[in-house]
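**Q** This is the structure I have questions about; it appears just below.
The values are calculated or read from the model by the stated rules, or taken from the named source; none is laboratory data. Being a predicted model, the structure only gives us computed values, none of them experimental. Virtual Cβ from ideal backbone geometry, glycine too; neighbours counted across all protein chains shown.
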Amino acid sequence: MLNSAVHKKISIIIPTFNEAANIENAIASTQLSTNVELIVVDGGSQDDTVNIAKLLGVKVILSAPGRAVQMNAGAMAATGDILLFLHADTCLPAGFDKMVRNALQQPKTVAGAFSLRIDAPNLALRWVEKGVNWRSRFWQMPYGDQAIFLTTEVFQKIGKFPELPIMEDFELIRRLKRTGKIAIIPVPVITSARRWLKKGVLQTTLLNQIVIIAYFLGVSPERIRCWYRQGKLEKF
């Protein structure tokens, strides 16, 4: 039956902002799947992101900028039983749809995500992957670039993504952990290495940890984002 657990409709929501170089690959990774809806939520791209998505036959909606705002807008427009939030520079593995449906059938599981692989032949990035995957499995703390998924019912019940300028995925997972188990699928998504290569692997990793510590210490997400954009965190 179409409405049985193994055939529930999945809505994939991709927030975009100037992602013309990546969006086609992200969309292509979703194609070999069953009963899946794809929604691109654009936050004001100045490049060809929207045109590319439309040419590929994908539903596009326009939104105010901000990843959390865009993902919530996509969730409101979605018609699926399951929501999967995919970053535009990340590709899903073959068979992801079956993996997602199966994961959400496990006892006490309220959400899930995939393991992570970074798309660059850099030895230091292999260690980053190990750290991310260890954190995800043992602390049940995946981040947004791991394609977080959950049922629409649970998403609405926990109050959607907090509309923060940064750390929205971190806060969503913290809320979800209070209600049940976060399943981590061992098969990885493949994400772009661009943010690690831009500032360097070590510096990017340290910056990420400083952001998390600042958030735990009560620094507002608005101030953290301001520091990040102004490069002040790089001086720590």
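**Q** Kindly indicate whether GLY74 is more than 16 Å from ILE173 (Cβ to Cβ), modelled with pLDDT of 95 or more, touching a Pro at 6+ places or on another chain (Cβ under 8 Å) and in the same structural domain as VAL154 (by TED's automatic domain parsing).
**A** Judged against the criteria, GLY74 is a match.
**Q** Only one of these conditions is not met by GLY159: (1) small (Gly, Ala, Ser); (2) modelled with pLDDT under 95; (3) in contact with a helix residue (DSSP H, G or I) (Cβ under 6 Å, 6 or more places away or on another chain). Which number is it?
**A** (3) is the only condition that GLY159 fails.
**Q** Only one residue in ALA53, ALA20, ALA68, ALA78 is over 15 Å from the mean Cα position of the chain (by Cα), surrounded by 15 or more Cβ atoms within 10 Å (Cβ to Cβ), within 20 Å of PHE155 (Cα to Cα) and not β-branched (Val, Ile, Thr). Which one?
**A** ALA78
**Q** Return yes or no: is PRO142 assigned to a loop (DSSP other than H, G, I, E, B) and either free of Cβ contacts under 8 Å to residues at least 24 places away in the same chain or surrounded by fewer than 19 Cβ atoms within 10 Å (Cβ to Cβ) (or both)?
**A** It is false that PRO142 is assigned to a loop (DSSP other than H, G, I, E, B) and either free of Cβ contacts under 8 Å to residues at least 24 places away in the same chain or surrounded by fewer than 19 Cβ atoms within 10 Å (Cβ to Cβ) (or both).
**Q** Just to check your reading of the model, which residue among GLY95, GLY57, GLY80 is out of contact with any strand residue (DSSP E or B) (no Cβ under 8 Å at 6 or more places or on another chain) and of a type outside the set (A, V, I, L, M)?
**A** On inspection, the qualifying residue turns out to be GLY57.
**Q** On the given criteria, is VAL201 in contact with a strand residue (DSSP E or B) (Cβ under 9 Å, 6 or more places away or on another chain), touching a residue at least 40 places away in the same chain (Cβ under 8 Å) and crowded, with 16+ Cβ neighbours inside 10 Å?
**A** Numbers: in contact with a strand residue (DSSP E or B) (Cβ under 9 Å, 6 or more places away or on another chain): no; touching a residue at least 40 places away in the same chain (Cβ under 8 Å): yes; crowded, with 16+ Cβ neighbours inside 10 Å: yes.
Against the criterion (in contact with a strand residue (DSSP E or B) (Cβ under 9 Å, 6 or more places away or on another chain), touching a residue at least 40 places away in the same chain (Cβ under 8 Å) and crowded, with 16+ Cβ neighbours inside 10 Å), VAL201 does not qualify.
**Q** With respect to ASN122, is the statement that it is at pLDDT 85 or above, under 19 Å from LEU92 (Cα atoms) and assigned by TED's automatic domain parsing to the domain that holds THR90 true?
**A** So ASN122 fails the test.
**Q** List every residue pair whose Cβ atoms lie under 8 Å apart, where the two residues are 6 or more positions apart in sequence or sit on different chains, the first residue falls within segment 154-175 and is in contact (Cβ under 8 Å) with a residue 40 or more places away in the chain and in a loop (DSSP other than H, G, I, E, B), and the second residue, located anywhere, is surrounded by 17 or more Cβ atoms within 10 Å (Cβ to Cβ) and among the aromatic types (Phe, Trp, Tyr).
**A** Matching pairs, first to second residue: ILE166/TYR228; MET167/TYR215.
**Q** Separate question: Name the residues in segment 90-114 that are crowded, with 19+ Cβ neighbours inside 10 Å and in a strand (DSSP E or B), would you?
**A** Going residue by residue through segment 90-114, those that are crowded, with 19+ Cβ neighbours inside 10 Å are 90-92, 96-97, 99-101, 103-104, 110-114.
Those that are crowded, with 19+ Cβ neighbours inside 10 Å and in a strand (DSSP E or B): THR90, CYS91, VAL110, ALA111, GLY112, ALA113, PHE114.
**Q** Mind checking whether some residue in segment 185-196 is crowded, with 18+ Cβ neighbours inside 10 Å, aliphatic (A, V, I, L, M) and part of a helix (DSSP H, G or I)?
**A** Checked against the condition, which is being crowded, with 18+ Cβ neighbours inside 10 Å, aliphatic (A, V, I, L, M) and part of a helix (DSSP H, G or I), segment 185-196 yields no hits at all.
**Q** While we're on this one: Find the residue count for segment 125-164, including only residues that are closer than 19 Å to ALA88 by Cα and of a type in the set (Ser, Thr, Tyr).
**A** Number satisfying all stated conditions: 1.
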